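The values are calculated or read from the model by the stated rules, or taken from the named source; none is laboratory data. Just so you know, these numbers come straight off a predicted model, no measurement behind them. Cβ: placed from backbone, ideal geometry, glycine included. Neighbour counts: every protein chain shown.
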Amino acid sequence: MELKVFESPGQEWDEFASRYTDLIFYQCVWSQVLKEGLGGQPLYFYLREGGEIVAGLPGVLLNFRIFKILYASIPYGNVIGKKNYFQVFMEYLEREFVRREIHQVRIVDSPFWEERDPSSNYRRYENICTLVDLRNMDEERLWKSYGHYVRRDIKRAQKHGIEIHKGNSKEDLESLYQLYLKAMERNLAPAKYSFQFVAALGNFMATSNRGVLLIATMNQTPVAGILLIHSNSSTHAFLAGSDSRFLKFYPNKFLIHRSLVESIANGHQVFDFMGSEKEDENLIRFKNLWGGRPNTITTYVKDYNIWRCWMWDTLRDFMNTRTGSRLTRIFRNRTVR
């Protein structure tokens, strides 16, 4: 057995990954999004035996000079392959992480399969991911599945003149990003995504036909938006935002309804609302309105340099404070202009 790394993954990796998952985040095309959007280096680790890839871990290395952080893909990334090779694969990976002088490794479970704990040496952080089952669903059944208040609010949005169109321009991406920043400001949260990353997502959608941007407008003013990424059998609500001045007109509920209809039209079986912090009960309740099923997903973290990781985690904690969140949003906003 030998451990190898694809820095530019291609067909061989895709053929291996597709045997175990149809999530787009495990395909090599997604590595280009992470490279362009985050400025990271794709590192797709794999274990080969007898000429066959038997286990793999997709990742992106973010090198901030003082900090080298390996994310096992974003948003989901964990080991795939033949289960009986996982333990030995992790042993090979441990040595490789040390050899590459990586300071911290972050591995995230997927809600689409059972939990895969990489090692007892990793710290565990739990979040909630909400999935909506769309199997045997059409638009009529979907509408009937909603509660009375959901149907009422969608009708109110239409009555108030909320319209939804598919975005396909840089201006639409900029509108979505500004709405995202406003939502983060309303929630006193840091803007973890840069416009560079959103632009990379836009390029990915344009070249791969693997996603769609929906913009809700009122009197031609963008008031809410959502960016959907498509895997083979699932839709992922990757990024969303809205202007608080227009929330009383229910654009978010109308957007989610249209997103679910779009997913059904694509023949998808699952709508993935993606992760929420366990403490964000209001957001989780909103996702549950649509028949969502909450799933616990775990992020596994291991430090390989205690002092550098302490500095990195301290910085992350500061960015999650009210002051840090505000500074992040100001910086993100300036980079767009």
Do the conditions hold for ARG116, that is, is it under 29 Å from SER233 (Cβ atoms), outside the structural domain of VAL198 (by TED's automatic domain parsing) and surrounded by fewer than 18 Cβ atoms within 10 Å (Cβ to Cβ)?
yes
Is there a residue being without any contact (Cβ under 8 Å) to a residue 24 or more places away in the chain, assigned by TED's automatic domain parsing to the domain that holds GLU15 and closer than 18 Å to THR299 by Cα anywhere in the stretch 31-52?
no
Out of (1) within 30 Å of GLN196 (Cβ to Cβ); (2) under 22 Å from the mean Cα position of the chain (by Cα), the one ASP117 does not meet is (1)
Where the second residue is charged (D, E, K, R) and modelled with pLDDT of 95 or more and the first is closer than 12 Å to VAL212 by Cα and in a strand (DSSP E or B) and lies in the stretch 227-250, which pairs have Cβ atoms under 6 Å and are six or more apart or on separate chains?
HIS236/ASP272
Can you find a residue in the stretch 273-289 that is at pLDDT 95 or above, surrounded by 19 or more Cβ atoms within 10 Å (Cβ to Cβ), closer than 25 Å to ALA199 by Cα and not assigned by TED's automatic domain parsing to the domain that holds ALA199?
yes
Yes/no for ARG141 being modelled with pLDDT of 95 or more, out of contact with any helix residue (DSSP H, G or I) (no Cβ under 7 Å at 6 or more places or on another chain), exposed (fewer than 14 other Cβ atoms within 10 Å of the Cβ) and more than 17 Å from LYS287 (Cα to Cα):
yes
Can you find a residue that is crowded, with 18+ Cβ neighbours inside 10 Å, more than 22 Å from ILE297 (Cβ to Cβ) and not hydroxyl-bearing (Ser, Thr, Tyr) anywhere in the stretch 78-86?
no
Do we have THR207 as in the same structural domain as LEU173 (by TED's automatic domain parsing), at pLDDT 95 or above and of a type outside the set (Gly, Ala, Ser) here?
no
Odd one out for ILE264 among (1) modelled with pLDDT under 85; (2) assigned by TED's automatic domain parsing to the domain that holds ARG186:
(1)
Return yes or no: is TRP307 part of a helix (DSSP H, G or I), modelled with pLDDT of 75 or more and at negative phi?
yes
Scan the stretch 237-245 and tell me whether some residue there is closer than 23 Å to PRO75 by Cα, surrounded by fewer than 19 Cβ atoms within 10 Å (Cβ to Cβ) and either of a type in the set (S, T, N, Q) or not assigned by TED's automatic domain parsing to the domain that holds HIS165 (or both).
no
Does ASN168 satisfy the condition of being closer than 18 Å to GLU277 by Cβ and either of a type in the set (Asp, Glu) or within 25 Å of the chain's Cα centre (by Cα) (or both)?
no
Given the residues SER233, SER244, SER194, which is the only one that is over 25 Å from TRP30 (Cα atoms) and either of a type outside the set (Asp, Glu) or under 14 Å from the mean Cα position of the chain (by Cα) (or both)?
SER244
Determine which single condition ASN187 fails, assuming it passes every other condition in (1) within 20 Å of the chain's Cα centre (by Cα); (2) surrounded by 15 or more Cβ atoms within 10 Å (Cβ to Cβ).
(2)
